[in-house]
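These notes concern the structure reproduced below.
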């Protein structure tokens, strides 16, 4: 036949790394290249003259019959994807299984009717497909883990809600009882004639107030880390905190603009706690200043006041629950709130020259948002 | 520029025949019955502002196109929005629909289906004209529809057809685009008009 | 001489023209309707010898027409002529009482062979 490869084109087709065969209009093989022979173990001499359907995968016969008819009837190339027709001409892969093929069947029109042929090119995509399958497996595993993690988080949330409810109820009952107890103590104290008895009652009253503070602490602490962290504008939070201390006479200077920090939604409490501590314990605070500076790896928010400051020996203790000057647990809570998103707080002021709190915000936990 | 409704009707019918053939193959491949909707067709110029895919949003679409030459020169494409592309692959390959991501395996499958559709339609048209065309190999891209008509001239013709398949309760919306270089539409329009005039 | 009459129901004027030209050449007299609803009315009114029916049409499609036609109990045969090549479609149409099933595009000799039994002498 005029359009079967002569030795020149034949040797060219033998040198490309794809399987190639040519089929005439009667579906007989007229050319079978060396690669295809190597893949299938069927020599060109053995393949020639046989019907192509002898070599096509049995599962694919019906559909391929349709498609080959289309190709012969004047359409363009037939394109067989690896997913739907992975083994057009089954050929074993050296690593096991069959070669996965991408197949193109290109009609070639002869000069005369009945001289149309089909050029069949099989491209081995086994490795590429296996890589994609491996990636898919990894992706599916990750999605599954995510699903399980989400389920666990949801379960934890439900448990947390139940615990919170339980502790709210318990706390409420205890506080009611405590309030009544403190009220009676107060009356008894008033009526006590004996000095020793009155002192004893005062101590009991003080213990009662301690219990109340501890219960208040549990109410505040239980909310830390419960809601998802979010981006918050620092200037807004600072102003909000200032508004809550309306009666306090200090000037606030906030030099932080357009800064957002990624933190627990209770971040506003941190600024409130700092300002409240300044007012309560700073003795002579008339100015509070909040500024920001850049560091390697992040920024530092700096809170300063012009009060008495914190002695060196107390600088870490103030962040514990049992603390300096009965500051309560505000700073303990503040540290906990900040730690949710990797922020840190410490006191670095000079005693006698005012308190100075530095809140370290790492890269990724802050951003500048204009407008 | 409005085309003669007779020509629009004739081309729509040819596309309908091509789509029917492709649906038959799709049915074989999925092992399920395919329900077809009536296709719609409009003819515009490439430079027309209400361009192709304008009803498909601003997302990149999965597209397969084939360039052809001969008595007619141009390009035919089939465009699928992401959900339809995923549905088609899921139907053809019996996959679980864990994700709509078009990885290499899936895009190959879409290329095959797009090729079947395009060849069925262009084959029908070329058989009607009794002329054979030369086709390039199909190409898969994920891009905005304007990509398809970018190489063409503003005054080239754009045949824009919309079709829908339903298989096993999954819907596949596709938009077909045939861009014809100037002068390529004339033989087709001419033959349709000749048929209608009883020549 | 009595001329056999055929009613063509297809929403495409182009397709109706192709069919009617082929049928007239075989000595048929042709009536046309552009959708199932119009076809139903024309079929009942005109009582042709044969109906050639497209499936994919707006308003009333071919399947609905077949159901309605079967419901009316009129014995005029309906030949389905459609672009839908699926065997499932063919089976559905035959179950709905279609007398024959042909695929588009029109192949004249196939059409002639198919309609031959339906012409009344």
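The values are calculated or read from the model by the stated rules, or taken from the named source; none is laboratory data. Fair warning: this is a prediction, and the values are worked out from it, not measured in the lab. FYI the Cβ positions are ideal-geometry reconstructions off the backbone, even for glycines, and counts take in every protein chain you see.
Couple of notes before you dig in:
- Some residue of the stretch C:11-24 being touching a residue at least 12 places away in the same chain (Cβ under 8 Å), out of contact with any strand residue (DSSP E or B) (no Cβ under 6 Å at 6 or more places or on another chain), away from chain B (no Cβ under 13 Å) and outside any helix (DSSP H, G or I): no
- Residue check, residue B:152 more than 15 Å from the chain's Cα centre (by Cα) and over 24 Å from residue B:60 (Cβ atoms): no
- In the stretch B:20-36, the residues that are at the interface with chain C (Cβ under 7 Å from one of its Cβ atoms) and within 17 Å of residue B:118 (Cα to Cα): B:20, B:21, B:23, B:24, B:27, B:36
- Residues satisfying the stated conditions in the stretch A:138-194, i.e. touching a residue at least 40 places away in the same chain (Cβ under 8 Å) and touching a helix residue (DSSP H, G or I) at 6+ places or on another chain (Cβ under 7 Å): A:167, A:171, A:174, A:175
- Residue count for the stretch C:66-89, restricted to those that are surrounded by 18 or more Cβ atoms within 10 Å (Cβ to Cβ) and either within 11 Å of another protein chain (Cβ to nearest Cβ) or under 21 Å from residue B:165 (Cα atoms) (or both): 8.
- Which listed residue, of A:307, A:349, A:364, is within 28 Å of the chain's Cα centre (by Cα), in the same structural domain as residue A:244 (by TED's automatic domain parsing), modelled with pLDDT of 90 or more and over 25 Å from residue A:222 (Cα atoms): A:364
- Looking only at the stretch C:25-46, and only at residues there that are within 14 Å of another protein chain (Cβ to nearest Cβ) and part of a strand (DSSP E or B), the one that is farthest from residue C:59 (Cα to Cα): C:30
- Considered as a group, the residues in the stretch A:62-82 that are modelled with pLDDT of 90 or more and in a loop (DSSP other than H, G, I, E, B) include one that is farthest from the other protein chains (Cβ to nearest Cβ), and that residue is A:82.
- Flag for residue A:52 being modelled with pLDDT of 90 or more and farther than 23 Å from residue A:127 by Cα: yes
- Odd one out for residue A:317 among (1) within 17 Å of residue A:355 (Cα to Cα); (2) in contact (Cβ under 8 Å) with a residue 12 or more places away in the chain: (2)
Condition check ((1) within 42 Å of the chain's Cα centre (by Cα); (2) within 14 Å of chain B (Cβ to nearest Cβ); (3) surrounded by 10 or more Cβ atoms within 10 Å (Cβ to Cβ); (4) under 30 Å from residue A:31 (Cβ atoms)) across all residues:
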position	(1), (2), (3), (4)
A:110	no, yes, yes, yes
A:114	no, no, no, yes
A:119	no, yes, yes, yes
A:128	yes, yes, yes, yes
A:133	yes, yes, yes, no
A:144	yes, yes, yes, no
A:155	yes, no, yes, no
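- Any hit, the stretch A:259-281, residues being over 17 Å from residue A:338 (Cβ atoms), touching a strand residue (DSSP E or B) at 6+ places or on another chain (Cβ under 9 Å) and in a loop (DSSP other than H, G, I, E, B): no
- Taking the criterion of being surrounded by fewer than 22 Cβ atoms within 10 Å (Cβ to Cβ) and closer than 14 Å to residue B:29 by Cα, the only residue of the stretch B:73-90 that qualifies is B:90.
- Options A:289, A:293: the member that is touching a strand residue (DSSP E or B) at 6+ places or on another chain (Cβ under 7 Å), free of Cβ contacts under 8 Å to residues at least 12 places away in the same chain and assigned by TED's automatic domain parsing to the domain that holds residue A:246: A:293
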